[in-house]
Amino acid sequence: MMLLNLKTFNIGTRLLICKLEMGPGAQCPSPSIINGDFDPGNNRVGTTRSASCLTDYEFEDEQLSTTTTCRADGIWSQDPLICRLQKCPQPTVPSNAVILPGNITIGSFRSIECLTGYAKVGGEDNIECKTGKVWSSWTGQCSLCSEPSAISNAVVSSGALTVGTQRTYSCIQNYFDNGQSPDITCKNDATWSATSFACSLGECPEPTAPTNANVLSGNNEIGSSRTISCQTGYAMTGSQTTITCQSSQVWTSWSGSCITCSGPSSISGATVSSGTLTVGSTRTYSCNSGYADNGQPATITCQSDATWSSTSFACGPVCPSPPSITNGVVQSGSNGVGSTRTISCNTGYGLTGSQTYIECQSNQIWTTFTGSCSTCSSPSSISYASVSSGSVTVGSQRTYSCNTGYTSNGQSGVITCQNDATWSSTSFSCNIVGKH
């Protein structure tokens, strides 16, 4: 380009600008780009060259396009093209944390710190702006300590869960600590400091066994109970079977006792065998001379409640063995006063009289038997008749028949020896033949 000053008449000075035009085949110098490359091409006037940025770079926002054109004046329309590092968006702040100030271009790092009282758990100390304009993931977290772990039979003081906070354990009622420190502190890793603190129940001394009793094995801690059992042969009185260790570390009193049975009760007319009085022992009653039992069980047992088992056994005065009965028997039965014994006759004999039994009287003598066991007497004679021969025992039969020249009246001539040793009656009679 050339500048010329020309003087004119009455017109003044004029400035002429002459533009230098390049001839055919003229070229621009090689175009320049910062942090990028041009696509292959020539540099002749009118040529447009496309450019691209290096990885992780992008054209500056104020550039009109990503190309440049060689103008007729031998100058590129955009020169140089400039690529700058790509930028990530502002990073998202994690919960309970802050991100320290810093760059956001690719490859840059930003530091993460937890808020006061919070502990960083896991993850790196920073995040990186990576290719694609994204921040690397932060895998950590800013945490408080969780609630302190429970310790059996203890409570922990209330308080914050921030780093540096201290909490204190204490034992509940009737429990005592082991002398270890009860304090824990929330550490920088959001965990509580370790403690060996523990609580255990207070204890009573080993209990003393009551008389004739044993205390079964068990725990002596406060609130624990121990069972009391009587020694073999002894029975426990009362309903209390245990003692309990109280908060005062003293055992409760036992109101029971371990005893044997007392002597067996006396039974009138009887004596009882000698023996022990311990549980499970047996004693037997027997009637004195002149007395007889009632057939009930005579043995009693000392039971687990230290009482004798019940019995209906009794002894009553008795008569001696009953007298023998000729041709008869006294049936078996009791010889006790007021008892009766039935009399029955031997086979073939009949009981005479109305008395069928004898009775044991209060003077222990049997009543007299006024009857007898007899056979029938010889059958009565009937006029003009004879009777068949035969036995006179009960059940026997004899037959009447008329003598020669006589005839019966048509009645039966058979008689039977009955149970009362009498013959059955008959209306049989004999009359002279032809006489009516």
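Please state which one of ILE17, ILE75 is of a type outside the set (S, T, N, Q), out of contact with any helix residue (DSSP H, G or I) (no Cβ under 9 Å at 6 or more places or on another chain) and at pLDDT 95 or above.
Working: ILE17 fails: at pLDDT 95 or above.
Sole residue among the options that is of a type outside the set (S, T, N, Q), out of contact with any helix residue (DSSP H, G or I) (no Cβ under 9 Å at 6 or more places or on another chain) and at pLDDT 95 or above: ILE75.
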Residue count, segment 284-308 (criterion: more than 29 Å from THR340 (Cβ to Cβ) and either in contact (Cβ under 8 Å) with a residue 40 or more places away in the chain or touching a Cys at 6+ places or on another chain (Cβ under 8 Å) (or both)): 7
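With the condition kept exactly as written, say whether any residue in segment 193-208 is among the β-branched types (Val, Ile, Thr), modelled with pLDDT of 95 or more, surrounded by fewer than 15 Cβ atoms within 10 Å (Cβ to Cβ) and touching a Cys at 6+ places or on another chain (Cβ under 7 Å).
Step one: filter segment 193-208 for residues among the β-branched types (Val, Ile, Thr), giving 195, 208.
Subset that is modelled with pLDDT of 95 or more: 195, 208.
With surrounded by fewer than 15 Cβ atoms within 10 Å (Cβ to Cβ) added as a condition, the list becomes 208.
Next, only the ones that are touching a Cys at 6+ places or on another chain (Cβ under 7 Å) stay: none.
Within segment 193-208, none of the residues are among the β-branched types (Val, Ile, Thr), modelled with pLDDT of 95 or more, surrounded by fewer than 15 Cβ atoms within 10 Å (Cβ to Cβ) and touching a Cys at 6+ places or on another chain (Cβ under 7 Å).
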Matching residues in segment 234-258 - criterion: being in contact with a Pro (Cβ under 7 Å, 6 or more places away or on another chain) and among the aromatic types (Phe, Trp, Tyr): TRP251, TRP254
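Got a number for residues in segment 240-276 being closer than 30 Å to GLU203 by Cα and without any contact (Cβ under 8 Å) to a residue 12 or more places away in the chain? Quick ask: steps written out before the conclusion?
Step one: of segment 240-276, the residues closer than 30 Å to GLU203 by Cα are 240-258.
Going one step further and asking which of them are without any contact (Cβ under 8 Å) to a residue 12 or more places away in the chain, we end up with 248, 252-253.
The qualifying residues number 3.
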Residue tally, condition surrounded by fewer than 15 Cβ atoms within 10 Å (Cβ to Cβ), modelled with pLDDT of 95 or more and not small (Gly, Ala, Ser), over segment 135-164: 2
Among the residues listed as THR48, THR66, the single one being exposed (fewer than 15 other Cβ atoms within 10 Å of the Cβ) and over 60 Å from the mean Cα position of the chain (by Cα): THR48
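Can you pull out every residue in segment 165-178 that is surrounded by 13 or more Cβ atoms within 10 Å (Cβ to Cβ) and either out of contact with any Asp or Glu (no Cβ under 7 Å at 6 or more places or on another chain) or at pLDDT below 95 (or both)? If you could, list the steps in order and put the result at the bottom.
Taking segment 165-178 as the starting set, the residues that turn out to be surrounded by 13 or more Cβ atoms within 10 Å (Cβ to Cβ) are 165-171, 174-177.
Listed by number, the residues that qualify are THR165, ARG167, TYR169, SER170, ASN174, TYR175, PHE176, ASP177.
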Strands (runs of 3 or more DSSP E) within segment 80-185 that include 3 or more residues farther than 22 Å from TYR57 by Cα and in contact with a Pro (Cβ under 6 Å, 6 or more places away or on another chain): 166-171
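Please pick out the residue among GLY132, GLY102, GLY46, GLY74 that is without any contact (Cβ under 8 Å) to a residue 12 or more places away in the chain and touching a strand residue (DSSP E or B) at 6+ places or on another chain (Cβ under 9 Å).
One residue alone meets the criteria, GLY102.
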Segment 390-408 residues that are assigned to a loop (DSSP other than H, G, I, E, B), paired with ones that are of a type in the set (Asp, Glu) (beta carbon under 7 Å, 6 or more apart): none
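The values are calculated or read from the model by the stated rules, or taken from the named source; none is laboratory data. Remember, it's a predicted structure, so these values are computed and weren't measured experimentally. Cβ atoms come from the backbone with ideal geometry, glycine included; neighbour counts cover every protein chain shown.
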